[in-house]
Amino acid sequence: MPEDTSRHELRVDRSLCEGHALCVDLAPDVFVLGDDEVAAADTTPPESRWGQVKAAVDACPRQAITFSTLHTKGR
Ligand code: SF4
């Protein structure tokens, strides 16, 4: 029987990010601000950080952060 698995994937759209660093303030274990003043993220943050990640998604003034659920069917 195929097994449904899902995983969460976190992305920052570098073309939208303006380096406000609100995400870094809200989830410092997940986001970092690079030398180019663009945020980068751990693409698969642990579940213990999902609350912080969702707060960062809501807070980002550029809506540059997406946290999506990907479903894959196993065999
Ligand atoms: S809050 Fe949004 S715009 Fe600001 S650094 Fe984070 S991703 Fe970039």
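Here are the numbers for the structure shown:
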read-out: Rounded to the nearest 20 debye, dipole of the chain from Cβ charges on Lys, Arg, Asp, Glu; value: 360
read-out: Computed [θ] at 222 nm, helices only, for the chain once each DSSP H run of length n ≥ 4 contributes -39500 (n - 2.57); value: -5000 deg cm²/dmol
read-out: Region 13-75: GluC sites (Glu not before Pro) in DSSP coil with no more than 11 other Cβ atoms inside 10 Å; value: 37
read-out: Within-12-Å neighbourhood charge of residue 42 [Cβ basis; K, R +1; D, E -1]; value: 0
read-out: Charge dipole (the chain, unit charges on Cβ, about Cα centre) - positive-most of 24, 61, 6; value: 6
read-out: The chain: C-alpha pair distances exceeding 19 Å, %; value: 34
read-out: Neighbour net charge for residue 19 - beta-carbon separation under 11 angstrom, K R +1, D E -1; value: -2
read-out: Other-chain or far-sequence residues with amide H under 5 Å of residue 8's (modelled H); value: 70
read-out: 13 Å beta-carbon shell around residue 69, net charge (K/R +1, D/E -1); value: 0
read-out: Sorted by Cβ density within 10 Å, fewest first, the residues 22, 16, 10; value: 16, 22, 10
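Bear in mind that the values in this text are calculations on the coordinates, not laboratory data. Quick caveat: nothing in here was measured; it's all calculated off a predicted structure. Heads up, the Cβs are rebuilt from the backbone with ideal geometry, glycines too, and the neighbour counts pull from every protein chain shown.
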